Structure formats: C-alpha cells, structure tokens
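Have a look at the structure below before the remarks.
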Amino acid sequence: MEKAAGSAAVGGSYPQKNAEILSSQYGINLFLAGLLLTFAWAVHAVGISKSHLLSYLITLMLIQLLWMLWYLCRSCTQRSLIRDKDTHAGARWLKCGITLFAVITLILDSFKIGYYIDFSNCLSATEGIFPVTHAVHTILQVYFLWCHAKDIIQSFKTLERFGVIHSVFTNLLLWTNGVLTESKHQLNEHKERLITLGFGNITIVLDDHAPQCNCTTTTLCSIFSQGIYYLYPFNIEYHILASTMLYVLWKNIGRKVEHHQQHKTLFKFRGIMVGMIFGLIVLTSTIAIVVVYLIQIGRSKIKSELALTMFYLHAIFVLALMCTAGIVALLIYRLEDRSLDNSKNPARKLDGELLVGTAAGSWLLSWGSILAIICAQAHPKYTWYNLPYSVLVIIEKYIQNLFIIESIHREQEKGNDDIKTLRIVTISRGSTLSLTPSYKEIYNGRAAHDNREVPCLFKGSIRARENDNGGGAKEETSQDKSSVMHSTSDFSFYSRNSVTNNKRRILKNIAAFLFLCNLSLWIPPAFGCRPEYDNGLEEIVFGFEPWIIVVNLAMPFSIFYRMHSAASLFEVNCKT
C-alpha cells in the first residue's frame, strides 16, 4: 500500500514538472521573438518599424491583462478557501517600492500620450495606443501584486504556470524596450560629447528616431521629449521588480509550504543614526557630483576632464568606505556562532542569484577599463583614476555580495520572550526582601516595583516567610547561597547579551550605510553620468562600436544591481 501511494505521488509530480518545463520554454520563445524584433528595430532592419514592435508588446500586455482579470475574478469567488502563503515573498517594503516606481511610470505614460498628440500627424496609431495600454497594465499589475504576490497556487496549476510566465517575460520585454530606448538617447548625447574630448577621429553618426514632422506646440514637445528620458530609469526598475516578484509566484505554484512561525521584520530608525548620517552625507554629495558632472561634461575638453576626475575621486572614496564597512560586518559574523537557515525559499534563492548575476555586468566593464589602461599607448591624467576605481568596484561588489547573502541566510534571532530574566535577591539581617527588576524590564524602561508587583517566581517564598518569621535558619542560609550563585550566572548572561546587542547595533548601522550608498551609486548611471562612455580610452583600445555594445549590454545589469542591493540591504536591516 505504501509503495503504491509513493508511486502515485511520484507519478502525480510528472505532469506538473512537464508543465513547468513547457511553460518556461513558452516564455523563453516569447522573449526571444520580442528580443529579435527589438534588435531589428534598433538597427533599422528593412521592413521592421517601431509600430511592429509596439504592436507585439501591446498584444502581450492585453493577454496578460485578460489572465490577471480571470485570476482576480476566480480569487473573489473562492475567497472562503484557505490559501497557503509564502511569507518570504512580496514583502510590504517591496510592494511600496514597486508602487512608487509605478506612479512615476504612469507619469511617463502621460508624457508619451502628450508627445503623441503633438506629433500625431506623422506618428503611427500604435504609438498612441501603447502608453494607454501600458498605463492600464501598470495599474492592474500593481494591484495584482499587492493582493496575490504571496499566493501559492494549488488549483489550475498548468494554466496558471503559463499565465504567470507570460507575465514574467512580458515585463522583461518591456524592460528591454525601456533599456534600449534610454540607451539610444544616452549614446546620441555621448557621440556629441566625444568631439569636445578631442576624439575627432571617431565617426559620429547620430541614431535618430525623431518624428519627421513639426510639433504643434514647440514648448510642450520639448518638455515631453526631455522629460521622458529622465523618467525612464524608474520605468526600467519597475518592470524588473515586477518580473522578479512574478517569477517567485511562478516558482511557488504547487509548492508544499513548511508551516513555521515567521518573525515580523520591521524597519526602525532607532539605533542606526550613525549609519544614516554617513549614508545621507554620501547621498547628498553624490547628487551634487552628478549635477556638476552633467553640467560640465561636453562643454570643453578641460571641463570634461575636470568632471571625470571629480567623479572618479568621489567614487573611489565612497567605494573604499563601503569595502571597509563590509569587511567589518563579515568579521563580526565570523565572531558569532549562529546557524544558517537552509530551508527552501524561492525568493531568497532568487535574491542571491540576482546579486551575483547582475554584478557580472559591472565586473565586465571594470575589467575592460583595467585592460584598456594597461594596453593604451597614451594615458591622459584623468584616466589613471579609472584604475583604482575599477579595482574597487570589483572588490566592493565581491565583499557586499558575501555580506548580503550571508545575512539573508542567517537564522533570525528570537524575540525577547526567550531572553532569560536577570533577578538579584538581596536578603538583609532584618529579613527584608529587595528585588531588582528583570533585564527585560530594565531594557523596556519599566520596573516591576514601580507597579507594586512582585515577580511570580518569588511570591511563594515571600508568603512562606510571612507565615514563619522565626524558623528555618539553615534553609535560609542555603537559599542565600543558591541565590548568589544564580545572580552570578545572570550577571554573566547580561554581559554576553550586552556584547550581542552592540554587535547587532553595528551591523544595523553598516546595513543602513550600505543601503544609502547603493542608492547613491544607482543615481549616476541611471541619470546619464557614465564615465565608461565619456573618458574615451576604452573606445580607442577596443574600438568604438565593440565597446559601445559592451557598455549597452552591461550597464543595465550594473544599474539594476545597485537597486537590488539597496532592497536586499533594507531587508537585512529589518531582519538584524
């Protein structure tokens, strides 16, 4: 009987495994078709226009909208059923983050609609339909993720696998489209700046996809066309965050959950002021550096070189601080003896894989810069700062990845209910019992005697003393000795617990500091401050077109790494 039941269970898993394989292959083919269509539009392939690409994306979004509506309707009709939830997926802070990016994405869509209205005479209808469809898709998807990101689907599993994986790769294609559009804009600006740095031997051909007609309202057109590119970084982060949350939902389909107590992770400012202050100083200085860089770069050769030097010096200082903070955190972990949580957790596994995978983008650019500095025949002064900068980028990501991955795998400390209480009994010759408050009560700033309460541990002994004032001298002496021994052990526990709290406070400050530093380092490449484009040395060594291809492929992963690291460090801060 047991063998038959076991074989039936194994046999039942085969269709689900096949459904997982089939749905993943469907999603990959969907993505590859869209990727080739995007590439064909980017290189101006014959017979492929922007309207073809947008039509494909609109179709994918409409299919996803139909699936999400069906899922929401089915969930409403089955509200009485108890559903399993993955407590690690779809954290509240992650939902708040994706909501913020979604709101800015809606502003981007409204700009695109305004841009289409102004150039409606020479733009295809798909360029007006796309932002409207995308806005509806964004609103419904954010609502869907808020309500159902934690779901573990156990019914209609085969159909749901295809629906969720379709949503994952639809968001990845929308992310790719945003990255390509933003990269083409950055590349055009970069080509115009190269002349000022003295690289006149590079042929500059602008990749222009501008409408071939006049705008009806010149001022509005300028606002819309310029504003769109400043909003694209938020749109890019929105789609990559949505695809990761949907991927976790796909991995959870049909999963059996281990029911265990989940500790709440709350963010508190208390105890992390040092890390926050230093992090805010880095954030403020980074914003100032980016503003000066964007103003100075391209004005003249001298101003461009000064802007590059300023950027490299600031980045070297910040990266050195981050490396130091990461090393201190890892040393604290080596001094602690706490077990790791190795339970199955798709969200945690994906976090670790994304950290290492996306860091490869920065590592590729850094090794390219190091090789260019070594092989170049001429070295302008500002290019030498690129060497320590590139080396520190590699080391910093290596250390930070170790810190984050170990932090999210460490078992969370139990709450105060498991903390031993510290009570010291002092007995005088006049038989007066003095009780000091417990450690837990000291920590919370409350003492039991303030409320005229006596801990229940001692109530029986007090009553016995009141009933028998004269007898039991020997028993009292033995109790005194045991009380002293107990108080000594409690003092040692207090000292150990104090050391542990200091370590936790340091770790929380380091996590807060690294969180703000990663946000700071996300800003420059996201808003066009890209020395990999502007210093020109790599383009001389590798050639203009090959290096630009490398930068355009690696930069989106580098930008995403910083935002994902910031999100992971926020979780580490809440968990520590």
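Read-outs: derived from the displayed coordinates by stated rules, not from any lab. Source: prediction; values computed, not measured. Cβ coordinates were reconstructed from backbone atoms using ideal geometry, including for glycine residues, and neighbour counts include every protein chain displayed.
Observations on the structure shown:
- Entries of K303/K397; K17/K150; K95/K503; K17/K256 with Cα pairs more than 23 Å apart: K303/K397; K95/K503
- Zone residues, segment 542-576, relative to F39, backbone N less than 19 Å from point 7 Å out along Cα-to-Cβ: 545-557
- Think of segment 15-257 as a dipole: +1 on every Lys or Arg Cβ, -1 on every Asp or Glu Cβ, centred on the Cα centre; then among Q25, H185, C215, Q25 lies furthest on the positive end.
- Distance in nm between pseudo-label sites at C375 and T77 (7 Å out along the Cβ direction from Cα): 6.3
- A crude spin-label estimate for the pair L62 and V356, with each label 7 Å from Cα along the Cβ direction, gives 4.2 nm.
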